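Only one structure is covered here, and it is reproduced in the block below.
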Amino acid sequence: MLVLSQVLSDNIIKGLEDGVLKSWLESVLPSVFGFFWSVVLALLVAYIGGKVIKSLRKIFRKSLERRDAEEGVKQFADQVFKVFLWIVVVIIILGLFGVTASSLAAAVASLGVTAGLALQGSLSNFAGGMLILMLHPFRVGDYIIEDTNKNEGTVFEISIFYTKLRTVDNKIVVIPNGTLANSSLTNATKSNRRQLDLVVPISYDADIKKAKELLMELSQKETRRLTEEGVKVFVKELNGSSVDLGLRFWVPTEEYWNVRWDMLENIKLTFDAEGIGIPYTQLDVHMKE
């Protein structure tokens with residue numbers, strides 16, 4: 001071990017005397033310092049680029065607002081503009097490290113098939129977002145029900161790849177745009193009015209005409225009802241244990257649930273006061289001694 005250490009020491013000293021180490025450092029240090037300054041410049045470009053992108057996005061959003069673009073279009077276009085600007089910044093940063101645009105384009109082209117397969121789902125969601133904005137099955141602010149998985153809520157954001165819903169209990173549901181574009185959905189607030197359709201069962205012993213008159217009176221008293229449309233009260237079906245009465249009238253969409261809940265409560269209270277029986281499922285148990 002002592003002999004090996006002595007040999008190494010002699011070689012290092014000899015190298016220093018011959019100027020080999022000096023020549024190696026002179027050849028390496030410029031590259032090291034050049035890479036260091038490239039990293040510093042890259043960080044500086046990323047910082048300044050972020051500030052510039054933020055300012056450009058503000059200008060872009062204001063221009064969309066002046067054109068009275070709908071909220072979904074503004075959100076989607078803003079996300080696309082943001083991604084485009086960051087791609088430009090990344091290309092500039094790669095240029096600092098000696099990567100030219102032509103070589104980058106060649107690399108992207110050579111990896112095009114692989115990238116296409118890897119990003120197939122993302123591209124499908126992007127195309128789905130474009131279809132949503134062009135065909136308008138729903139807009140920001142609409143209450144939708146996605147029929148496949150039964151997700152529902154109020155649309156508050158349409159981004160590049162996903163649409164976000166807010167449920168009635170303030171949960172956030174994120175659905176891929178491709179799913180919404182390629183499956184059926186129900187838009188509950190597309191129109192400014194909805195028809196209230198209630199089924200009220202009464203017993204076979206109850207007075208049908210009296211029950212219909214009570215339903216008509218309750219409907220006429222409802223101040224939120226759209227008066228230009230009439231009220232329909234009818235016998236909908238004769239079931240095995242009840243006579244089902246139908247009640248239909250139109251209300252503003254934003255008042256639909258409030259009117260529905262109030263009507264159900266008023267019907268129950270009124271029928272109880274007037275002796276109109278509402279049947280319900282019962283189980284009679286007979287025990288033998």
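Residues are listed down the side, and each one gets a yes or a no for (1) aliphatic (A, V, I, L, M); (2) in contact with a helix residue (DSSP H, G or I) (Cβ under 7 Å, 6 or more places away or on another chain); (3) within 25 Å of Val168 (Cβ to Cβ); (4) assigned to a strand (DSSP E or B):
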site: Phe234; (1), (2), (3), (4): no, no, no, yes
site: Glu237; (1), (2), (3), (4): no, no, no, yes
site: Ser241; (1), (2), (3), (4): no, no, no, no
site: Leu247; (1), (2), (3), (4): yes, yes, yes, yes
site: Trp250; (1), (2), (3), (4): no, no, yes, yes
site: Glu255; (1), (2), (3), (4): no, no, yes, no
site: Asp262; (1), (2), (3), (4): no, no, yes, no
site: Glu265; (1), (2), (3), (4): no, no, yes, no
site: His286; (1), (2), (3), (4): no, no, no, no
Number of the exception - Val140 against (1) open to solvent by less than 60 Å² (accessible area, probe 1.4 Å); (2) closer than 25 Å to Tyr256 by Cα; (3) in contact with a Gly (Cβ under 8 Å, 6 or more places away or on another chain); (4) without any contact (Cβ under 8 Å) to a residue 60 or more places away in the chain: (4)
Of all residues in region 157-183 being touching a strand residue (DSSP E or B) at 6+ places or on another chain (Cβ under 7 Å), free of Cβ contacts under 8 Å to residues at least 24 places away in the same chain and surrounded by fewer than 18 Cβ atoms within 10 Å (Cβ to Cβ), the one that is nearest to Leu135 (Cα to Cα): Lys164
Top-ranked residue of region 237-272 - restricted to ones that are of a type in the set (S, T, N, Q) and under 29 Å from the mean Cα position of the chain (by Cα), ranked as surrounded by the fewest Cβ atoms within 10 Å (Cβ to Cβ): Asn258
Test result for Arg57, under 23 Å from the mean Cα position of the chain (by Cα), open to solvent by 80 Å² or more (accessible area, probe 1.4 Å) and modelled with pLDDT of 80 or more: no
In region 193-231, the residues that are in contact (Cβ under 8 Å) with a residue 40 or more places away in the chain, in a loop (DSSP other than H, G, I, E, B) and either open to solvent by 60 Å² or more (accessible area, probe 1.4 Å) or not small (Gly, Ala, Ser) (or both): Asp205, Asp207, Glu222
Boolean, Lys150 is modelled with pLDDT of 85 or more and not polar (S, T, N, Q): yes
Some residue of region 121-135 being outside any helix (DSSP H, G or I) and either modelled with pLDDT under 85 or surrounded by 14 or more Cβ atoms within 10 Å (Cβ to Cβ) (or both): no
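The rows are residues; the columns are (1) closer than 23 Å to Val140 by Cα; (2) at pLDDT below 65; (3) open to solvent by 70 Å² or more (accessible area, probe 1.4 Å); (4) over 25 Å from the mean Cα position of the chain (by Cα).
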site	(1), (2), (3), (4)
Met1	no, yes, yes, yes
Gln6	no, yes, yes, yes
Ser27	no, yes, yes, yes
Leu44	no, no, yes, yes
Ile48	no, no, yes, yes
Phe81	yes, no, no, no
Conditions (1) surrounded by 15 or more Cβ atoms within 10 Å (Cβ to Cβ); (2) within 22 Å of the chain's Cα centre (by Cα); number of the one not met by Val89: (2)
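The values are calculated or read from the model by the stated rules, or taken from the named source; none is laboratory data. Computed from a predicted model, the values in this text were never measured in an experiment. Every residue, glycine among them, receives a Cβ derived from its backbone with ideal geometry; neighbour counts consider all protein chains shown. With ligands, DNA and RNA removed, areas are computed over all heavy atoms of the protein, side chains included. Shrake-Rupley method; radii C 1.70, N 1.55, O 1.52, S 1.80 Å.
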